[in-house]
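Colleague: Let me begin by handing over the structure; questions about it come next.
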Amino acid sequence: MSTRPQGTSASFERTIELALAGLAPPGVIVGSRHIQAGDEQYVLPAENASMATREPGARAATGTGRHVAHELLRRLGSEDSAILRGQSGNPIWPAGIVGSIAHDDEIAVAVAARSDALKSVGVDIEPALPLPDDLRAVVAAPQDRLGDLDPKLGGRILFAVKEAAYKASFPLDGRVLGFEDIAVDFEKGEAVTSFGRRLSVRFLASPRILALAYTAVER
């Protein structure tokens, strides 16, 4: 993490942000940052107190994600607000704001919106690599409708979309879900949980697998 590998430069971060912004509905702002050694400094004292002890690499990634999220909060007028960690590991955003944070081994992303724009939002980022067969068997469910997903990356895309859908559903329902509890219909662009929560889902497979799930505010 102390060096910046090729492909994780500032220009690549901008590429990720543009890709993520292209998935996002109106009202959602996005950010990204390459994970760097020492980024744990960006975890605010109040946030640090709410997190379990982690090894240095994980703490750096957490700090990177929080740094990106703090910048989004600043842009939304909520500067210096802590994003605490809930009992189920979920980030607790300030009142009036919904958001989500994710990272892979190299880069962290975050999305946020005012709660009058969206009820909830979830994001995930994964490497554009096939999912191991044993994990794909756990992620896939009979009720999933995969459509014309890339057979090579379909498992990883499904994984990312279900992760994003879970992140978007938990703040609304407080339910811990397994992969089998989320059915994804890629033709409809929709995920439905076993508790009946419906979410819109979107994804891209390049330059990383990016997945976004959200629930719109009823007008």
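Colleague: Please return the ranges of helices (runs of 4 or more DSSP H) entirely within the range 1-115 where 1 or more residues are under 25 Å from residue 161 (Cα atoms) and modelled with pLDDT of 95 or more.
Modeller: 10-23, 56-75
Colleague: When you look at residue 197, is it farther than 17 Å from residue 20 by Cα, at pLDDT 95 or above, in contact with a Leu (Cβ under 7 Å, 6 or more places away or on another chain) and in the same structural domain as residue 130 (by TED's automatic domain parsing), yes or no?
Modeller: When the stated conditions are applied, residue 197 passes them.
Colleague: Another one. Does residue 171 satisfy being of a type outside the set (Gly, Ala, Ser), closer than 21 Å to residue 107 by Cβ and in contact with a Ser or Thr (Cβ under 8 Å, 6 or more places away or on another chain)?
Modeller: Here the answer is no, as residue 171 does not meet what is asked.
Colleague: Consider residue 46 against the criteria (1) farther than 20 Å from residue 113 by Cβ; (2) out of contact with any strand residue (DSSP E or B) (no Cβ under 8 Å at 6 or more places or on another chain): it satisfies all of them except one. Which criterion is unmet?
Modeller: The one condition residue 46 does not meet is (2).
Colleague: On to the next question. Quick check, is residue 177 under 27 Å from residue 105 (Cα atoms), of a type outside the set (Val, Ile, Thr) and part of a loop (DSSP other than H, G, I, E, B)?
Modeller: For residue 177, the condition - under 27 Å from residue 105 (Cα atoms), of a type outside the set (Val, Ile, Thr) and part of a loop (DSSP other than H, G, I, E, B) - is met.
Colleague: I'm checking my understanding of the structure. Among residues of the range 74-90 that are over 26 Å from residue 175 (Cα atoms) and free of Cβ contacts under 8 Å to residues at least 40 places away in the same chain, which one is surrounded by the fewest Cβ atoms within 10 Å (Cβ to Cβ)?
Modeller: Top of the filtered list is 80.
Colleague: Considering every residue within the range 194-206, establish whether at least one is touching a residue at least 12 places away in the same chain (Cβ under 8 Å), aromatic (Phe, Trp, Tyr) and closer than 20 Å to residue 88 by Cβ.
Modeller: Yes; the residues of the range 194-206 include at least one that is touching a residue at least 12 places away in the same chain (Cβ under 8 Å), aromatic (Phe, Trp, Tyr) and closer than 20 Å to residue 88 by Cβ.
For every residue, the table says whether it meets (1) at pLDDT 95 or above; (2) within 14 Å of residue 122 (Cα to Cα); (3) of a type in the set (A, V, I, L, M).
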position	(1), (2), (3)
154	yes, no, no
164	yes, yes, yes
170	yes, yes, no
190	yes, yes, no
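Colleague: If you don't mind, another one. Within the range 168-186, count every residue that is surrounded by 24 or more Cβ atoms within 10 Å (Cβ to Cβ) and either out of contact with any Lys or Arg (no Cβ under 9 Å at 6 or more places or on another chain) or among the aliphatic types (A, V, I, L, M) (or both).
Modeller: Going through the range 168-186 one residue at a time, the tally reaches 3.
Colleague: Suppose we filter 185, 181 for residues that are in contact (Cβ under 8 Å) with a residue 12 or more places away in the chain, more than 16 Å from residue 215 (Cβ to Cβ) and of a type outside the set (Lys, Arg); which single one remains?
Modeller: Sole residue among the options that is in contact (Cβ under 8 Å) with a residue 12 or more places away in the chain, more than 16 Å from residue 215 (Cβ to Cβ) and of a type outside the set (Lys, Arg): 181.
The values are calculated or read from the model by the stated rules, or taken from the named source; none is laboratory data. The structure displayed is predicted, hence computed values, not measured ones. Because the Cβ atoms are built from the backbone with ideal geometry, glycine has one as well, and the counts that use them run over all protein chains shown.
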